1. In what order, largest first, do B:Val278, B:Val141 sit by accessible area if the probe radius is 1.4 Å?
2. Mind ordering A:236-242, B:7-13, B:90-96, B:242-248 by average Cβ neighbours within 10 Å, highest first?
3. Heads up, I need the accessible area for B:Lys184: 1.4 angstrom probe, whole protein in place, Å², nearest 10.
4. Nearest-5 percent of antiparallel DSSP beta bridges in segment A:3-256?
5. Please give the per residue accessible area of chain B, computed with a probe of 1.4 Å over protein heavy atoms only, in Å².
6. Where in segment A:221-263 does the amide nitrogen come within less than 15 Å of the point 7 Å from the Cα of A:Thr80, taken along Cα to Cβ?
7. Mind listing the phi-derived Karplus ³J(HN,Hα) values for segment B:29-45, rounded to whole Hz, using 6.51, -1.76 and 1.60 with θ = phi - 60°, and x for any glycine or proline?
8. Could you pull out every residue, at least 5 positions away or on a different chain, whose amide H is within less than 5 Å of the one on A:Thr60? Hs are placed 1.01 Å off N in the peptide plane, and Pro or chain starts have none.
Amino acid sequence: MSEASTKLGFTPNEMMTIAASRALGNDDVCFVGIGAPSAACNVARLTHAPDVTLIYESGTIGTAPDVLPLSIGDGELCDTAVTTVSVPEMFRYWLQGGRISIGFLGAAQIDRFGNINTTVIGDYAHPKTRLPGGGGAPEIATSSKEIYITMAQSKRGMVEKIDFFTSFGHGEGGDHRQRLGIGTKGPTLLITDLATWKPDPVTKEFTVVSLHPGVSREQVQETCGWTVKFADRLEVTPAPTELELSTLRALQARTKAAHEGTANGKAA
Amino acid sequence: MTKFLPLSQAVAENLHDGDTVAFEGFTHLIPTAAAHEAIRQGFKELTLVRMTPDLIYDQMIGMGMAKKVVFSYAGNPGVGLLRRLRDAVENGFPHAIEVEEHSHAAMANAYEAGAAGLPCAIFRGYRGAELARVNPNIKSVICPFTGEVLAAVPSVRPDVTFIHAQKANRKGDVLIEGIIGIQKEAVLAAKRAVVTVEEVVEDFDGLHPNLTILPSWTVTAISVVPGGAHPSYTHGYYIRDNASYLEWDKIAADRDRFREWMQKNVMEKTAGDFSGRVEHLRNAA
(Lines give C-alpha, C1' and ligand atoms only; values in the text may rest on other atoms or scores of the structure.)
Protein backbone atom coordinates (compact mmCIF):
# COMPACT_ATOMS: atom_id res chain seq x y z
CA MET A 1 0.00 0.00 0.00
CA SER A 2 1.43 3.38 -1.00
CA GLU A 3 2.01 6.20 1.46
CA ALA A 4 -0.88 8.19 0.07
CA SER A 5 -3.28 5.31 0.47
CA THR A 6 -2.21 4.61 4.03
CA LYS A 7 -2.99 8.19 4.89
CA LEU A 8 -6.40 8.05 3.22
CA GLY A 9 -7.29 4.56 4.36
CA PHE A 10 -7.88 3.16 0.87
CA THR A 11 -5.83 2.53 -2.27
CA PRO A 12 -6.33 4.24 -5.65
CA ASN A 13 -7.48 0.90 -7.07
CA GLU A 14 -10.08 0.51 -4.34
CA MET A 15 -11.31 4.03 -5.05
CA MET A 16 -11.57 3.19 -8.76
CA THR A 17 -13.59 0.04 -8.19
CA ILE A 18 -15.93 1.73 -5.73
CA ALA A 19 -16.42 4.84 -7.88
CA ALA A 20 -17.23 2.55 -10.81
CA SER A 21 -19.65 0.51 -8.71
CA ARG A 22 -21.64 3.65 -7.88
CA ALA A 23 -22.45 4.19 -11.56
CA LEU A 24 -24.69 1.10 -11.67
CA GLY A 25 -28.30 1.05 -10.50
CA ASN A 26 -30.91 -1.60 -9.72
CA ASP A 27 -32.58 -1.22 -13.11
CA ASP A 28 -29.42 -1.72 -15.12
CA VAL A 29 -28.79 -4.77 -17.27
CA CYS A 30 -25.02 -4.84 -17.39
CA PHE A 31 -22.77 -6.83 -19.71
CA VAL A 32 -19.71 -7.35 -17.51
CA GLY A 33 -16.12 -7.41 -18.74
CA ILE A 34 -13.62 -9.46 -16.77
CA GLY A 35 -11.13 -7.85 -14.35
CA ALA A 36 -11.79 -4.36 -12.97
CA PRO A 37 -15.37 -4.13 -14.36
CA SER A 38 -16.29 -7.47 -12.76
CA ALA A 39 -15.17 -6.32 -9.31
CA ALA A 40 -17.05 -3.00 -9.66
CA CYS A 41 -20.27 -4.62 -10.84
CA ASN A 42 -20.30 -7.10 -7.97
CA VAL A 43 -19.58 -4.42 -5.38
CA ALA A 44 -22.61 -2.54 -6.77
CA ARG A 45 -24.71 -5.68 -6.42
CA LEU A 46 -23.50 -6.28 -2.86
CA THR A 47 -24.10 -2.68 -1.72
CA HIS A 48 -26.58 -0.21 -3.24
CA ALA A 49 -27.88 -2.17 -6.26
CA PRO A 50 -28.90 -5.67 -5.12
CA ASP A 51 -31.27 -6.09 -8.08
CA VAL A 52 -28.83 -5.09 -10.84
CA THR A 53 -28.76 -7.71 -13.61
CA LEU A 54 -25.22 -8.86 -14.34
CA ILE A 55 -24.55 -10.73 -17.56
CA TYR A 56 -21.28 -12.40 -18.55
CA GLU A 57 -20.60 -13.31 -22.17
CA SER A 58 -20.43 -17.03 -21.36
CA GLY A 59 -24.24 -16.92 -21.33
CA THR A 60 -24.97 -16.42 -17.63
CA ILE A 61 -27.84 -13.96 -17.12
CA GLY A 62 -28.65 -12.42 -13.73
CA THR A 63 -25.66 -13.97 -12.01
CA ALA A 64 -24.68 -13.32 -8.37
CA PRO A 65 -21.27 -14.87 -7.71
CA ASP A 66 -20.04 -15.15 -4.12
CA VAL A 67 -16.44 -14.84 -5.36
CA LEU A 68 -15.15 -12.99 -8.41
CA PRO A 69 -14.70 -15.35 -11.35
CA LEU A 70 -11.16 -15.78 -12.72
CA SER A 71 -12.65 -16.27 -16.17
CA ILE A 72 -15.94 -15.17 -17.74
CA GLY A 73 -17.10 -18.79 -17.61
CA ASP A 74 -16.45 -20.01 -14.07
CA GLY A 75 -19.04 -22.48 -12.74
CA GLU A 76 -19.93 -20.05 -9.95
CA LEU A 77 -21.51 -17.73 -12.54
CA CYS A 78 -23.79 -20.48 -13.85
CA ASP A 79 -24.71 -21.81 -10.40
CA THR A 80 -25.95 -18.41 -9.25
CA ALA A 81 -27.56 -17.22 -12.52
CA VAL A 82 -31.27 -16.80 -13.23
CA THR A 83 -30.64 -18.64 -16.50
CA THR A 84 -27.73 -19.70 -18.69
CA VAL A 85 -28.03 -19.48 -22.47
CA SER A 86 -25.74 -20.52 -25.32
CA VAL A 87 -23.08 -18.15 -26.62
CA PRO A 88 -24.80 -17.48 -29.97
CA GLU A 89 -28.05 -16.75 -28.14
CA MET A 90 -26.19 -14.35 -25.83
CA PHE A 91 -24.76 -12.34 -28.70
CA ARG A 92 -27.79 -12.51 -31.01
CA TYR A 93 -30.87 -12.14 -28.80
CA TRP A 94 -29.54 -10.39 -25.72
CA LEU A 95 -26.76 -8.09 -26.96
CA GLN A 96 -27.70 -7.48 -30.61
CA GLY A 97 -31.38 -7.57 -29.60
CA GLY A 98 -30.85 -4.42 -27.54
CA ARG A 99 -31.43 -5.84 -24.05
CA ILE A 100 -28.21 -4.48 -22.51
CA SER A 101 -28.30 -1.04 -20.88
CA ILE A 102 -24.62 -0.86 -19.85
CA GLY A 103 -21.58 -2.52 -21.37
CA PHE A 104 -18.81 -2.34 -18.78
CA LEU A 105 -15.36 -2.66 -20.37
CA GLY A 106 -11.71 -2.55 -19.39
CA ALA A 107 -8.97 -1.50 -21.82
CA ALA A 108 -5.28 -2.05 -22.54
CA GLN A 109 -5.12 1.19 -24.52
CA ILE A 110 -7.64 4.00 -24.79
CA ASP A 111 -7.69 7.40 -26.47
CA ARG A 112 -9.44 10.62 -25.48
CA PHE A 113 -12.57 9.62 -27.41
CA GLY A 114 -13.01 6.30 -25.63
CA ASN A 115 -11.81 4.16 -28.51
CA ILE A 116 -10.29 0.95 -27.13
CA ASN A 117 -7.41 -1.26 -28.25
CA THR A 118 -7.04 -4.77 -26.82
CA THR A 119 -5.61 -6.34 -30.01
CA VAL A 120 -1.98 -5.40 -30.70
CA ILE A 121 0.75 -3.00 -29.67
CA GLY A 122 2.50 -1.96 -32.87
CA ASP A 123 1.56 -2.97 -36.41
CA TYR A 124 -1.19 -5.60 -36.78
CA ALA A 125 0.74 -7.83 -39.20
CA HIS A 126 4.02 -7.55 -37.25
CA PRO A 127 3.02 -6.67 -33.71
CA LYS A 128 5.41 -5.72 -30.96
CA THR A 129 2.98 -7.31 -28.51
CA ARG A 130 0.11 -9.56 -29.49
CA LEU A 131 -2.73 -8.96 -27.00
CA PRO A 132 -5.69 -11.36 -26.61
CA GLY A 133 -7.98 -9.44 -28.99
CA GLY A 134 -11.51 -8.13 -28.86
CA GLY A 135 -13.58 -11.10 -27.71
CA GLY A 136 -17.08 -9.73 -27.24
CA ALA A 137 -16.05 -6.07 -27.01
CA PRO A 138 -16.44 -4.84 -30.63
CA GLU A 139 -20.18 -5.54 -30.56
CA ILE A 140 -20.66 -4.77 -26.85
CA ALA A 141 -19.28 -1.30 -27.70
CA THR A 142 -21.90 -0.68 -30.38
CA SER A 143 -24.95 -2.70 -29.26
CA SER A 144 -25.12 -1.78 -25.54
CA LYS A 145 -27.17 1.36 -24.93
CA GLU A 146 -24.12 2.97 -23.31
CA ILE A 147 -20.58 2.07 -22.30
CA TYR A 148 -18.71 2.54 -19.06
CA ILE A 149 -14.94 2.03 -19.07
CA THR A 150 -12.70 1.49 -16.09
CA MET A 151 -8.88 1.26 -16.08
CA ALA A 152 -5.87 2.42 -14.07
CA GLN A 153 -4.14 5.47 -15.55
CA SER A 154 -0.74 5.24 -17.23
CA LYS A 155 0.99 6.90 -20.16
CA ARG A 156 1.15 3.51 -21.88
CA GLY A 157 -2.57 2.93 -21.45
CA MET A 158 -3.98 6.40 -22.11
CA VAL A 159 -2.47 7.42 -25.40
CA GLU A 160 -2.76 10.15 -28.02
CA LYS A 161 -3.35 7.53 -30.72
CA ILE A 162 -4.27 3.87 -30.16
CA ASP A 163 -2.46 1.25 -32.26
CA PHE A 164 -5.65 -0.57 -33.26
CA PHE A 165 -9.38 0.23 -33.14
CA THR A 166 -10.63 -2.94 -31.45
CA SER A 167 -13.81 -1.36 -30.12
CA PHE A 168 -15.22 1.88 -31.44
CA GLY A 169 -15.90 4.65 -28.95
CA HIS A 170 -16.54 8.11 -30.37
CA GLY A 171 -14.03 7.65 -33.23
CA GLU A 172 -12.72 11.09 -34.18
CA GLY A 173 -15.28 12.65 -31.84
CA GLY A 174 -18.40 14.70 -32.56
CA ASP A 175 -21.03 12.77 -34.49
CA HIS A 176 -18.68 10.05 -35.79
CA ARG A 177 -20.84 7.24 -34.34
CA GLN A 178 -23.97 8.47 -36.09
CA ARG A 179 -22.05 8.82 -39.35
CA LEU A 180 -21.19 5.10 -39.13
CA GLY A 181 -24.82 4.19 -38.49
CA ILE A 182 -24.29 3.36 -34.82
CA GLY A 183 -27.43 4.30 -32.92
CA THR A 184 -26.22 3.76 -29.34
CA LYS A 185 -24.57 6.33 -27.07
CA GLY A 186 -21.10 4.78 -26.77
CA PRO A 187 -18.74 5.61 -23.90
CA THR A 188 -20.46 7.91 -21.39
CA LEU A 189 -18.23 7.33 -18.38
CA LEU A 190 -14.55 6.61 -17.73
CA ILE A 191 -13.45 5.80 -14.21
CA THR A 192 -9.76 5.58 -13.47
CA ASP A 193 -7.79 5.17 -10.26
CA LEU A 194 -7.43 8.96 -10.13
CA ALA A 195 -10.57 10.54 -11.54
CA THR A 196 -14.02 10.28 -13.09
CA TRP A 197 -14.31 11.44 -16.71
CA LYS A 198 -17.30 12.18 -18.94
CA PRO A 199 -17.38 13.02 -22.64
CA ASP A 200 -17.88 16.62 -23.68
CA PRO A 201 -21.47 16.87 -25.00
CA VAL A 202 -20.31 18.21 -28.38
CA THR A 203 -16.72 17.10 -29.06
CA LYS A 204 -17.11 13.78 -27.14
CA GLU A 205 -13.62 14.18 -25.72
CA PHE A 206 -13.32 12.68 -22.24
CA THR A 207 -13.10 15.46 -19.66
CA VAL A 208 -12.27 15.09 -15.97
CA VAL A 209 -15.38 15.95 -13.95
CA SER A 210 -14.27 14.68 -10.56
CA LEU A 211 -10.91 14.07 -8.88
CA HIS A 212 -10.67 11.23 -6.38
CA PRO A 213 -9.77 12.35 -2.83
CA GLY A 214 -6.16 13.48 -2.47
CA VAL A 215 -5.51 13.52 -6.24
CA SER A 216 -4.17 16.63 -7.98
CA ARG A 217 -4.69 17.81 -11.54
CA GLU A 218 -0.96 17.33 -12.09
CA GLN A 219 -1.15 13.64 -11.15
CA VAL A 220 -3.94 13.08 -13.65
CA GLN A 221 -1.93 14.81 -16.40
CA GLU A 222 1.33 13.01 -15.55
CA THR A 223 -0.29 9.61 -16.06
CA CYS A 224 -2.14 10.46 -19.26
CA GLY A 225 -0.71 10.60 -22.78
CA TRP A 226 -2.88 13.45 -24.06
CA THR A 227 -3.44 16.99 -22.83
CA VAL A 228 -6.18 16.59 -20.24
CA LYS A 229 -9.26 18.82 -20.20
CA PHE A 230 -10.84 19.51 -16.83
CA ALA A 231 -14.45 20.56 -16.27
CA ASP A 232 -15.04 24.15 -15.17
CA ARG A 233 -16.75 22.87 -12.04
CA LEU A 234 -14.38 20.16 -10.92
CA GLU A 235 -15.72 18.03 -8.10
CA VAL A 236 -14.09 15.69 -5.59
CA THR A 237 -15.27 12.08 -5.65
CA PRO A 238 -16.78 11.11 -2.29
CA ALA A 239 -14.36 8.80 -0.42
CA PRO A 240 -15.35 5.14 -0.09
CA THR A 241 -17.77 4.49 2.75
CA GLU A 242 -17.01 1.92 5.42
CA LEU A 243 -19.59 -0.43 3.88
CA GLU A 244 -18.19 -0.07 0.35
CA LEU A 245 -14.63 -0.71 1.49
CA SER A 246 -15.44 -3.67 3.70
CA THR A 247 -17.63 -5.20 0.98
CA LEU A 248 -14.88 -4.88 -1.64
CA ARG A 249 -12.17 -6.22 0.67
CA ALA A 250 -14.25 -9.17 1.81
CA LEU A 251 -15.09 -9.99 -1.82
CA GLN A 252 -11.41 -9.90 -2.76
CA ALA A 253 -10.40 -12.01 0.24
CA ARG A 254 -13.02 -14.66 -0.63
CA THR A 255 -11.86 -14.59 -4.24
CA LYS A 256 -8.19 -15.02 -3.33
CA ALA A 257 -8.92 -17.92 -1.02
CA ALA A 258 -11.12 -19.63 -3.61
CA HIS A 259 -8.62 -19.36 -6.48
CA GLU A 260 -5.64 -20.46 -4.44
CA GLY A 261 -7.71 -23.26 -2.97
CA THR A 262 -7.59 -25.17 -6.22
CA ALA A 263 -3.78 -25.30 -6.28
CA ASN A 264 -2.88 -28.66 -7.72
CA GLY A 265 0.37 -29.21 -5.88
CA LYS A 266 1.66 -31.10 -8.90
CA ALA A 267 2.03 -30.57 -12.61
CA ALA A 268 -1.40 -30.22 -14.17
CA MET B 1 -24.84 -44.02 -35.47
CA THR B 2 -22.10 -43.22 -33.02
CA LYS B 3 -19.37 -45.62 -31.92
CA PHE B 4 -17.86 -45.91 -28.45
CA LEU B 5 -14.09 -45.94 -29.00
CA PRO B 6 -10.89 -45.54 -26.98
CA LEU B 7 -9.79 -41.89 -27.37
CA SER B 8 -6.61 -42.78 -29.27
CA GLN B 9 -8.68 -44.61 -31.89
CA ALA B 10 -11.40 -41.92 -32.04
CA VAL B 11 -8.74 -39.27 -32.73
CA ALA B 12 -6.81 -41.41 -35.24
CA GLU B 13 -9.97 -42.21 -37.22
CA ASN B 14 -11.36 -38.68 -37.32
CA LEU B 15 -8.48 -36.20 -37.45
CA HIS B 16 -6.08 -35.91 -40.38
CA ASP B 17 -3.16 -33.72 -41.35
CA GLY B 18 -4.40 -30.52 -42.99
CA ASP B 19 -7.88 -30.69 -41.43
CA THR B 20 -9.87 -27.72 -40.25
CA VAL B 21 -10.64 -28.69 -36.67
CA ALA B 22 -12.52 -27.10 -33.77
CA PHE B 23 -11.83 -28.13 -30.17
CA GLU B 24 -14.66 -26.10 -28.63
CA GLY B 25 -15.56 -25.19 -25.09
CA PHE B 26 -16.26 -21.72 -23.72
CA THR B 27 -14.14 -21.82 -20.53
CA HIS B 28 -16.28 -24.77 -19.37
CA LEU B 29 -15.95 -28.33 -20.79
CA ILE B 30 -12.74 -27.75 -22.74
CA PRO B 31 -11.73 -30.98 -24.51
CA THR B 32 -8.17 -31.07 -23.15
CA ALA B 33 -7.78 -34.87 -23.22
CA ALA B 34 -8.74 -34.97 -26.91
CA ALA B 35 -6.31 -32.15 -27.69
CA HIS B 36 -3.50 -33.94 -25.85
CA GLU B 37 -4.23 -37.12 -27.77
CA ALA B 38 -4.00 -35.13 -31.02
CA ILE B 39 -0.66 -33.72 -29.84
CA ARG B 40 0.67 -37.23 -29.10
CA GLN B 41 -0.35 -38.38 -32.56
CA GLY B 42 1.56 -35.42 -34.02
CA PHE B 43 -0.79 -33.99 -36.64
CA LYS B 44 0.49 -31.23 -38.92
CA GLU B 45 -0.82 -28.31 -40.94
CA LEU B 46 -4.04 -27.99 -38.97
CA THR B 47 -6.38 -25.03 -39.22
CA LEU B 48 -7.42 -24.56 -35.60
CA VAL B 49 -10.80 -22.89 -35.10
CA ARG B 50 -12.02 -21.77 -31.71
CA MET B 51 -13.64 -18.70 -30.16
CA THR B 52 -11.29 -18.76 -27.18
CA PRO B 53 -8.10 -20.64 -28.03
CA ASP B 54 -6.68 -21.02 -24.56
CA LEU B 55 -4.14 -23.48 -23.20
CA ILE B 56 -4.80 -26.33 -25.65
CA TYR B 57 -4.23 -24.22 -28.76
CA ASP B 58 -1.23 -22.58 -27.10
CA GLN B 59 0.11 -26.13 -26.68
CA MET B 60 -0.71 -27.24 -30.24
CA ILE B 61 0.79 -24.07 -31.73
CA GLY B 62 3.88 -24.43 -29.54
CA MET B 63 4.28 -28.02 -30.77
CA GLY B 64 4.24 -26.82 -34.38
CA MET B 65 0.91 -28.42 -35.40
CA ALA B 66 -0.92 -25.33 -36.65
CA LYS B 67 -0.90 -23.80 -40.10
CA LYS B 68 -3.59 -21.28 -39.24
CA VAL B 69 -5.65 -20.22 -36.27
CA VAL B 70 -9.18 -18.75 -36.50
CA PHE B 71 -10.29 -17.12 -33.25
CA SER B 72 -11.97 -14.24 -31.42
CA TYR B 73 -10.12 -14.08 -28.08
CA ALA B 74 -6.62 -15.50 -27.75
CA GLY B 75 -6.02 -15.18 -24.03
CA ASN B 76 -5.48 -17.28 -20.94
CA PRO B 77 -8.87 -16.51 -19.38
CA GLY B 78 -8.47 -14.28 -16.36
CA VAL B 79 -4.68 -14.60 -16.43
CA GLY B 80 -3.34 -12.83 -19.50
CA LEU B 81 -1.74 -13.67 -22.80
CA LEU B 82 -1.04 -16.92 -24.63
CA ARG B 83 2.73 -17.00 -24.77
CA ARG B 84 3.26 -19.80 -27.32
CA LEU B 85 0.74 -18.17 -29.68
CA ARG B 86 2.50 -14.86 -29.16
CA ASP B 87 5.88 -16.43 -29.93
CA ALA B 88 4.46 -17.79 -33.21
CA VAL B 89 2.81 -14.48 -34.19
CA GLU B 90 5.57 -12.14 -33.02
CA ASN B 91 8.68 -14.25 -33.76
CA GLY B 92 7.58 -17.03 -36.11
CA PHE B 93 8.54 -19.68 -33.51
CA PRO B 94 8.41 -22.65 -33.98
CA HIS B 95 7.07 -21.44 -37.32
CA ALA B 96 4.89 -18.61 -38.56
CA ILE B 97 1.12 -19.14 -38.52
CA GLU B 98 -1.72 -17.51 -40.42
CA VAL B 99 -4.21 -15.62 -38.29
CA GLU B 100 -7.88 -15.05 -39.05
CA GLU B 101 -9.29 -12.94 -36.27
CA HIS B 102 -12.94 -12.18 -35.50
CA SER B 103 -15.12 -10.91 -32.68
CA HIS B 104 -17.10 -13.31 -30.47
CA ALA B 105 -20.36 -12.21 -32.09
CA ALA B 106 -18.95 -13.05 -35.53
CA MET B 107 -17.63 -16.48 -34.51
CA ALA B 108 -20.85 -17.38 -32.69
CA ASN B 109 -22.90 -16.37 -35.72
CA ALA B 110 -20.50 -18.22 -38.04
CA TYR B 111 -20.84 -21.49 -36.12
CA GLU B 112 -24.60 -21.11 -36.01
CA ALA B 113 -24.64 -20.50 -39.78
CA GLY B 114 -22.51 -23.63 -40.20
CA ALA B 115 -24.99 -25.66 -38.17
CA ALA B 116 -27.83 -24.14 -40.19
CA GLY B 117 -26.19 -25.15 -43.47
CA LEU B 118 -25.79 -21.56 -44.61
CA PRO B 119 -22.76 -20.23 -46.52
CA CYS B 120 -22.44 -17.12 -44.36
CA ALA B 121 -23.64 -15.41 -41.22
CA ILE B 122 -25.27 -11.97 -41.16
CA PHE B 123 -25.35 -9.80 -38.07
CA ARG B 124 -25.09 -6.22 -36.81
CA GLY B 125 -21.42 -5.95 -36.01
CA TYR B 126 -17.89 -4.71 -36.65
CA ARG B 127 -19.09 -1.10 -36.88
CA GLY B 128 -16.03 1.10 -36.57
CA ALA B 129 -13.95 -1.98 -35.70
CA GLU B 130 -10.56 -2.21 -37.39
CA LEU B 131 -10.68 -6.01 -37.71
CA ALA B 132 -12.80 -5.36 -40.78
CA ARG B 133 -9.73 -3.70 -42.35
CA VAL B 134 -7.24 -6.52 -41.64
CA ASN B 135 -9.46 -9.58 -42.11
CA PRO B 136 -10.64 -10.01 -45.73
CA ASN B 137 -13.30 -12.48 -44.56
CA ILE B 138 -15.25 -9.65 -42.93
CA LYS B 139 -17.60 -8.14 -45.49
CA SER B 140 -20.98 -6.46 -45.50
CA VAL B 141 -24.39 -6.95 -47.08
CA ILE B 142 -27.33 -4.60 -47.46
CA CYS B 143 -30.65 -5.73 -46.03
CA PRO B 144 -33.02 -5.97 -49.03
CA PHE B 145 -35.96 -4.85 -46.90
CA THR B 146 -34.60 -1.96 -44.84
CA GLY B 147 -31.35 -0.98 -46.54
CA GLU B 148 -29.40 -1.45 -43.31
CA VAL B 149 -25.74 -2.38 -43.82
CA LEU B 150 -24.94 -5.57 -41.90
CA ALA B 151 -21.73 -7.52 -41.36
CA ALA B 152 -21.23 -10.85 -43.11
CA VAL B 153 -18.66 -13.57 -42.41
CA PRO B 154 -18.29 -17.05 -43.88
CA SER B 155 -19.87 -19.85 -41.88
CA VAL B 156 -17.58 -22.18 -39.92
CA ARG B 157 -17.70 -25.74 -41.28
CA PRO B 158 -14.99 -27.81 -39.56
CA ASP B 159 -13.89 -31.16 -40.92
CA VAL B 160 -14.11 -32.37 -37.35
CA THR B 161 -15.20 -30.91 -34.01
CA PHE B 162 -14.08 -32.22 -30.62
CA ILE B 163 -16.05 -31.41 -27.46
CA HIS B 164 -16.26 -32.68 -23.88
CA ALA B 165 -19.63 -33.36 -22.22
CA GLN B 166 -21.03 -34.61 -18.92
CA LYS B 167 -22.47 -37.92 -20.03
CA ALA B 168 -23.70 -40.20 -22.74
CA ASN B 169 -26.36 -42.88 -22.47
CA ARG B 170 -25.91 -46.44 -23.74
CA LYS B 171 -27.38 -45.50 -27.11
CA GLY B 172 -24.79 -42.74 -27.51
CA ASP B 173 -26.95 -39.65 -26.98
CA VAL B 174 -24.87 -36.90 -25.37
CA LEU B 175 -25.97 -34.51 -22.61
CA ILE B 176 -24.37 -31.09 -21.99
CA GLU B 177 -25.35 -28.76 -19.16
CA GLY B 178 -24.11 -25.65 -17.37
CA ILE B 179 -22.37 -23.09 -19.56
CA ILE B 180 -23.13 -24.75 -22.89
CA GLY B 181 -21.14 -22.29 -24.97
CA ILE B 182 -21.00 -22.97 -28.68
CA GLN B 183 -20.63 -26.76 -28.55
CA LYS B 184 -23.98 -27.76 -30.01
CA GLU B 185 -23.44 -25.48 -33.00
CA ALA B 186 -19.81 -26.61 -33.39
CA VAL B 187 -20.89 -30.27 -33.53
CA LEU B 188 -23.78 -29.68 -35.94
CA ALA B 189 -21.58 -27.49 -38.19
CA ALA B 190 -18.89 -30.17 -38.57
CA LYS B 191 -18.58 -33.11 -40.95
CA ARG B 192 -17.50 -35.35 -38.05
CA ALA B 193 -17.78 -34.94 -34.29
CA VAL B 194 -15.94 -36.65 -31.44
CA VAL B 195 -17.20 -36.28 -27.88
CA THR B 196 -15.36 -37.21 -24.70
CA VAL B 197 -17.64 -37.75 -21.69
CA GLU B 198 -17.21 -38.12 -17.95
CA GLU B 199 -19.39 -41.22 -17.79
CA VAL B 200 -21.93 -43.42 -19.54
CA VAL B 201 -25.33 -43.93 -17.92
CA GLU B 202 -28.04 -46.41 -18.85
CA ASP B 203 -30.56 -43.83 -20.15
CA PHE B 204 -31.68 -40.21 -19.73
CA ASP B 205 -35.16 -41.10 -18.48
CA GLY B 206 -36.66 -38.77 -15.88
CA LEU B 207 -34.46 -35.79 -16.76
CA HIS B 208 -35.82 -32.39 -17.74
CA PRO B 209 -37.26 -32.58 -21.27
CA ASN B 210 -35.45 -29.48 -22.57
CA LEU B 211 -31.87 -30.38 -21.72
CA THR B 212 -29.22 -29.84 -24.36
CA ILE B 213 -28.81 -33.21 -25.97
CA LEU B 214 -26.99 -34.24 -29.10
CA PRO B 215 -28.69 -37.38 -30.47
CA SER B 216 -26.35 -40.30 -31.11
CA TRP B 217 -26.72 -39.96 -34.88
CA THR B 218 -25.13 -36.47 -34.79
CA VAL B 219 -21.95 -37.76 -33.14
CA THR B 220 -19.29 -39.84 -34.93
CA ALA B 221 -17.51 -41.25 -31.88
CA ILE B 222 -17.69 -41.11 -28.10
CA SER B 223 -14.79 -41.78 -25.72
CA VAL B 224 -15.17 -42.09 -21.98
CA VAL B 225 -12.46 -39.92 -20.36
CA PRO B 226 -13.18 -38.97 -16.73
CA GLY B 227 -11.47 -35.65 -15.96
CA GLY B 228 -11.01 -35.03 -19.66
CA ALA B 229 -11.67 -31.28 -19.42
CA HIS B 230 -8.96 -30.56 -16.82
CA PRO B 231 -7.77 -27.85 -16.03
CA SER B 232 -11.15 -26.62 -17.25
CA TYR B 233 -14.14 -28.03 -15.37
CA THR B 234 -17.16 -30.22 -15.83
CA HIS B 235 -20.22 -28.77 -14.15
CA GLY B 236 -21.48 -31.17 -11.51
CA TYR B 237 -18.27 -33.26 -11.55
CA TYR B 238 -15.25 -31.10 -10.66
CA ILE B 239 -14.36 -27.41 -10.45
CA ARG B 240 -12.00 -25.34 -12.56
CA ASP B 241 -8.33 -25.70 -11.60
CA ASN B 242 -7.61 -21.97 -11.56
CA ALA B 243 -4.13 -22.56 -10.14
CA SER B 244 -3.16 -24.51 -13.26
CA TYR B 245 -4.19 -21.59 -15.47
CA LEU B 246 -2.00 -19.29 -13.39
CA GLU B 247 0.86 -21.81 -13.57
CA TRP B 248 0.55 -22.11 -17.36
CA ASP B 249 1.56 -18.48 -17.74
CA LYS B 250 5.01 -19.35 -16.35
CA ILE B 251 5.38 -22.64 -18.20
CA ALA B 252 4.52 -21.14 -21.58
CA ALA B 253 6.75 -18.10 -21.05
CA ASP B 254 9.89 -20.17 -21.68
CA ARG B 255 10.49 -22.33 -24.77
CA ASP B 256 12.56 -24.98 -22.97
CA ARG B 257 10.30 -25.19 -19.95
CA PHE B 258 7.34 -25.56 -22.32
CA ARG B 259 8.98 -28.49 -24.17
CA GLU B 260 9.91 -30.21 -20.92
CA TRP B 261 6.39 -29.79 -19.55
CA MET B 262 4.81 -31.11 -22.74
CA GLN B 263 7.14 -34.12 -22.77
CA LYS B 264 6.42 -35.02 -19.17
CA ASN B 265 2.70 -34.16 -18.98
CA VAL B 266 1.43 -34.88 -22.47
CA MET B 267 3.78 -37.02 -24.57
CA GLU B 268 4.52 -39.54 -21.80
CA LYS B 269 0.92 -39.68 -20.52
CA THR B 270 -2.38 -41.14 -21.71
CA ALA B 271 -6.04 -40.18 -21.56
CA GLY B 272 -6.29 -42.40 -18.48
CA ASP B 273 -4.18 -39.94 -16.49
CA PHE B 274 -6.85 -37.21 -16.50
CA SER B 275 -8.99 -38.86 -13.84
CA GLY B 276 -6.27 -38.47 -11.19
CA ARG B 277 -5.77 -34.79 -12.01
CA VAL B 278 -9.30 -33.85 -10.91
CA GLU B 279 -9.53 -35.99 -7.75
CA HIS B 280 -8.87 -33.02 -5.45
CA LEU B 281 -11.35 -30.86 -7.41
CA ARG B 282 -14.31 -33.21 -7.19
CA ASN B 283 -15.66 -32.58 -3.70
CA ALA B 284 -16.19 -28.88 -4.31
CA ALA B 285 -18.19 -29.39 -7.51
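1. Details: B:Val278 0, B:Val141 50 Å².
Ranked list, largest accessible area first: B:Val141, B:Val278.
2. On the way: A:236-242: 15.1, B:7-13: 19.4, B:90-96: 12.7, B:242-248: 21.4.
Result, highest mean first: B:242-248, B:7-13, A:236-242, B:90-96.
3. Roll a 1.4 Å probe over it and B:Lys184 shows about 90 Å².
4. On the way: 17 of 35 bridges.
For segment A:3-256, the DSSP antiparallel bridge percentage is about 50.
5. Numbers: 10520 Å² over 285 residues.
I get 37 Å² per residue for chain B.
6. Of the residues in segment A:221-263, A:247-259 have backbone N under 15 Å from the label point off A:Thr80.
7. 6, 6, x, 5, 4, 5, 5, 5, 5, 4, 5, 4, 7, x, 5, 10, 6
8. A:Val85
The values are calculated or read from the model by the stated rules, or taken from the named source; none is laboratory data. The shown structure was predicted, so the numbers you read here are calculated from the model rather than taken from an experiment. Neighbour counts run over all protein chains shown; Cβ positions are idealised from the backbone, glycine included. Note: accessible area is taken over every heavy atom of the protein model, side chains too, but ligands, DNA and RNA are not part of it. Shrake-Rupley method; radii C 1.70, N 1.55, O 1.52, S 1.80 Å.
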